[in-house]
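Below: one structure, written as structure tokens.
The values are calculated or read from the model by the stated rules, or taken from the named source; none is laboratory data. If you're wondering where the values come from, they're calculated on a predicted model, not measured in any experiment. Cβ: placed from backbone, ideal geometry, glycine included. Neighbour counts: every protein chain shown. Heads up: the accessible areas ignore ligands, DNA and RNA and are worked out on the full protein's heavy atoms, side chains in. Shrake-Rupley method; radii C 1.70, N 1.55, O 1.52, S 1.80 Å.
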Amino acid sequence: MAKKEKTEFELMKEKLFYERKNALQDINTKEEKDIEAFSKDYKKFLDLAKTEREACTYAIEIAKKNGFEEFKYGKKYSAGDKIYFDNRKKSIYLAVIGSENIENGINIAAAHIDSPRIDLKQCPVYEDAGMAFFKTHYYGGIKKYQWTTIPLALHGVVVLKDGTSVDICIGEKESDPVFCITDLLPHLGADQMAKTASKLFSGENLNILIGSKPYGGEKQKDAIKLNVLAILNKEYGIVEEDFLSAELSLVPAEKARDLGFDRSMISAYGHDDKCCSYPILMAAIEAGKKTPKNTLITILADKEETGSEGTTGMKTRAFDDMICEICDNMGANSRIAFANSKCLSADVNACYDPNYAEVYEAKNSAFLNCGVCVTKFTGARGKSSTNDASAEFLATVRKMLDDAGVIWQTGELGKVDQGGGGTVAMYLAKRNIDTVDVGVPVLSMHAPYEVISKADLYSAFLAFKAFFAN
Ligand code: MN
Ligand code: MN
């Protein structure tokens, strides 16, 4: 059938209107295969790297395999050198030294590897009514009711007084037990259900059920607590006091899975922000295969979910120190390097959800399958606490993405004054680095099981690849 000629109106519209593209329209077989292959590896990463420590370990391993060497203070680096800075096993910076003078600027991609979860308190174990529990203090912004009655796995590390580190991971293998937070039966839930959702569960009541069997069949008080501690002592050589120097977290025990009849999406814990940190890590590894012009730096930060504080959060000086060290030792001026650098701050954005349309503004939201989302500003209440990238910098990002054929869109986080949020962008910008937010749209963000589109994930990878290919 002959194609109908376009009317002048249609041609004018095409020329003048901006329409966001959909990554799955006009997709070819090769692209579909690439998306699927990338998603498959990403799902493996998600299952292996539920905490920042695990993500960091994964990143170090893959970096080492690809010729990255551990960063050393005082060492002079030159073009083609590949280094990684292991910041306390919880955050990592990768650098590929470019052939150009580092004062011409560094291309920086930053994402975070921590995700909302339930942390143990330092004196967590107790017994009540014939059951043993862990006391917890949640980490990051969660809707508490979502975290009850789901299987949870225990991940983390106990550091003994002598410095020995004991890794713990229980609940991931099929044969492992899991843990959970109990909820009230509907039959007795009338008072509970009358509460507003934010009051349904208090943070203090997020206690984890961990046992119910008394030690040696004893009737005595604390026999169940004793039994739990006896098991931990036998398996890990730890005593109750060792929890004082532990970082243990409960995370959803579910594995990453394809979602939908068409398998176009992935449902998993921790998409925020692994769906950005994994693509930038992969882009960095690929970019490191040849010497780039500009120096490239990849940041996998910790503590984003609690405000980027601490030695491993994005406000840390460790990052500046690494760049200053690299510059100083090659006789370059780090202040000039910072001033000429540019950064993609890679964090997830809220994906438009028609089931909650009232909180979004459809003209300026990120949509599923429309590619990686570039967000000029974040913040809340009149753009407060936002980086707000400059029009000049956005123009260069637009050009870069379009030239590389990346499907991308722009979007804000919800309606004006509906809420808001921010990420590490402002801390990079504060260092005199042009920065813009770029990230994958997520449904059910911060829930134990978040959803993204495979095409958007891959589009993020292509965006970071383009950014690093300079
Ligand atoms: Mn995030
Ligand atoms: Mn988050």
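Which shape class, rounded, prolate or oblate, goes with the stretch 203-304 when its Cα gyration tensor gives a ≥ b ≥ c as root eigenvalues, a/c under 1.5 marks rounded, and past that a/b bigger than b/c marks prolate? Mind showing how you got there, number by number?
Working: a/c = 3.46, a/b = 2.09, b/c = 1.66.
Here the stretch 203-304 falls in the prolate category.
What trypsin sites (Lys or Arg not before Pro) does the stretch 135-165 have in DSSP loop regions with at most 11 other beta carbons within 10 Å? Intermediate values should be presented prior to the final figure.
Details: sites: Lys135, Lys143, Lys144, Lys161; in loops: Lys143, Lys161.
When the trypsin sites (Lys or Arg not before Pro) of the stretch 135-165 are filtered for loop state and at most 11 Cβ neighbours within 10 Å, Lys161 remain.
Taking the stretch 351-438, how many lysine pairs are there with alpha carbons less than 24 Å apart, if each pair must be eight or more places apart or span two chains?
Step by step, the pairs that qualify in the stretch 351-438 add up to 9.
Restricting things to Cα coordinates, could you compute the convex hull volume per residue of the stretch 1-146 in Å³? Could the numbers behind the result be given before it?
On the way: hull volume 44.3 nm³, N = 146.
Per residue, the Cα convex hull of the stretch 1-146 comes to 304 Å³.
With all protein chains present, calculate the accessible area of Asp191 using a 1.4 Å probe and round the result to the nearest 10 Å².
So the heavy atoms of Asp191 present about 130 Å² to solvent.
Restricting to DSSP loop positions (anything but H, G, I, E, B) with no more than 10 other Cβ atoms inside 10 Å of their own Cβ, which trypsin sites (Lys or Arg not before Pro) remain in the stretch 371-470? The partial results should precede the final answer.
Working: sites: Lys376, Arg381, Lys383, Arg398, Lys399, Lys415, Lys430, Arg431, Lys454, Lys465; in loops: Lys376, Arg381, Lys383, Lys415, Lys430, Arg431.
Answer by residue number: Arg381.
How would Cys324, Cys56 line up by accessible area, probe 1.4 Å, largest first?
Working: Cys324 40, Cys56 0 Å².
Putting Cys324, Cys56 in descending order of accessible area: Cys324, Cys56.
Heavy atoms only, probe 1.4 angstrom, no DNA, RNA or ligands counted: give me Met131, Met322, Met400, Met193 ranked by accessible area, highest first. Please report the intermediate quantities before stating the final value.
Working: Met131 65, Met322 0, Met400 40, Met193 135 Å².
Sorted by accessible area, descending: Met193, Met131, Met400, Met322.
Greater than 31 Å separation of Cα atoms is the criterion. Which listed pairs, Lys89/Lys289; Lys161/Lys219; Lys43/Lys225, meet it? Working shown, then result.
Values: Lys89/Lys289 24 Å; Lys161/Lys219 33 Å; Lys43/Lys225 36 Å.
Violating the 31 Å Cα-Cα cut-off are Lys161/Lys219; Lys43/Lys225.
From largest accessible area down, sort Leu229, Leu184; use a 1.4 Å probe on the protein chains.
Numbers: Leu229 30, Leu184 80 Å².
Ranked list, largest accessible area first: Leu184, Leu229.
I'd like the distance separating the alpha-carbon centroids of the stretch 64-113 and the stretch 1-51, in whole Å.
If we compute the Cα centre of each part, the gap is 33 Å.
Between the helical axis of 454-468 and the dominant principal axis of the chain, each derived from Cα atoms, what acute angle in degrees is found, rounded to the nearest 10?
On a 0 to 90 degree scale, this one is about 60.
Express the accessible area of the stretch 1-57 per residue in Å², computed with a 1.4 Å probe while the remaining protein chains stay in the model. Spell out each step's value before the answer.
Details: 4640 Å² over 57 residues.
Accessible surface, normalised per residue, equals 81 Å².
Quick one: with all protein chains in place, what share of the accessible area of the chain is carbon or sulfur, to the nearest percent (1.4 Å probe)? Don't skip to the end; give the middle numbers.
Working: 12180 of 23200 Å².
So the carbon and sulfur contribution to the accessible surface is 52 percent.
Any chance you could give the angle, 0 to 90 degrees and rounded to 10, that helix 223-236 forms with the longest Cα principal axis of the chain?
50 degrees
What percent does the relative contact order of the chain come to when contacts are Cα pairs within less than 8 Å and at least six residues apart?
Working: 1005 pairs, mean separation 103.8, N = 470.
Contact order relative to length: 22 percent.
Taking a ≥ b ≥ c as the square roots of the Cα gyration tensor eigenvalues, with a/c under 1.5 meaning rounded and otherwise prolate when a/b beats b/c, else oblate, which class fits the stretch 85-225? Spell out each step's value before the answer.
On the way: a/c = 3.24, a/b = 1.71, b/c = 1.90.
Taking the square roots of the gyration eigenvalues as a ≥ b ≥ c, the stretch 85-225 is oblate.
Which value, in Å² and to the nearest 10, is the accessible area of Glu127 when all protein chains are kept and the probe is 1.4 Å?
50 Å²
Could you state the angle between the C-alpha long axis of helix 29-48 and the longest principal axis of the C-alpha atoms of the chain, as a value from 0 to 90 degrees rounded to the nearest 10?
It is inclined by approximately 30 degrees.
To the nearest 10 square angstrom, what accessible area does Asp258 show with a 1.4 Å probe?
Counting only protein heavy atoms, the figure is 40 Å².
Given the alpha-carbon gyration tensor of the chain, what are the semi-axes of its equivalent ellipsoid in whole angstrom, ordered largest first, with each equal to the square root of 5 times an eigenvalue? Before the final figure, lay out the partial values.
Working: eigenvalues 324, 176, 77 Å².
Values for the chain, descending: 40, 30, 20 Å.
Taking only DSSP H segments of four or more residues, each worth -39500 (n - 2.57), what value at 222 nm results for the chain once the sum is divided by all its residues, to the nearest 500 deg cm²/dmol?
Values: 12 runs with 134 residues, N = 470.
Value at 222 nm, helices only, nearest 500: -8500 deg cm²/dmol.
Within 10 Å, at most 14 other Cβ atoms, and a DSSP state outside H, G, I, E, B define an exposed site. Report the longest part of the chain free of exposed chymotrypsin sites (Phe, Trp or Tyr not before Pro).
Details: sites that count: Phe17, Tyr18, Tyr73, Phe261.
The longest such stretch corresponds to 262-470.
Could you grab the relative contact order for the stretch 91-179? Cα pairs under 8 Å, six or more apart, rounded to a whole percent.
17 percent
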